[in-house]
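Have a look at the structure below, then the notes.
Readers should treat all values here as calculations from the given coordinates under stated rules, not as data from a laboratory. Remember, it's a predicted structure, so these values are computed and weren't measured experimentally. Cβ sites come from the backbone with ideal geometry, for glycine too, and all protein chains shown count toward neighbours.
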Amino acid sequence: MATELITSPLPGKILAVKVAAGDKVKEGDLLLTIEAMKMENEIVATVDGTVTEVAAKPDSTVQIGDSLVSIEEG
């Protein structure tokens, strides 16, 4: 099975992480929220599958391209 790596599309601060390793997600499910320039940006799953790793931690700062969540498709 393929693993989909969700990366940060923008620099900002992680406000909330809504998933944990082992969670089943569907395409479009909310994974986490990033605050950038006083706006909240929702990061959603791009595939159906199981969360294998959550690299994002609340209150941490991320840059464009930083790893946030890994999802094993299936």
Residue 41 vs (1) assigned to a loop (DSSP other than H, G, I, E, B); (2) in contact (Cβ under 8 Å) with a residue 24 or more places away in the chain: all pass except (1)
Based on what the data block shows, is residue 21 in a loop (DSSP other than H, G, I, E, B) and buried (at least 18 other Cβ atoms within 10 Å of the Cβ)?
no
How about the stretch 3-17: which of its residues are closer than 16 Å to residue 60 by Cα and surrounded by fewer than 16 Cβ atoms within 10 Å (Cβ to Cβ)?
7, 9, 10, 11, 13, 15, 16
Restricted to the stretch 44-59, and to residues that are part of a strand (DSSP E or B) and within 10 Å of the chain's Cα centre (by Cα), which residue is farthest from residue 69 (Cα to Cα)?
44
Go through 64, 6 for me and flag whichever is assigned to a strand (DSSP E or B) and either of a type in the set (Val, Ile, Thr) or touching a residue at least 60 places away in the same chain (Cβ under 8 Å) (or both).
6
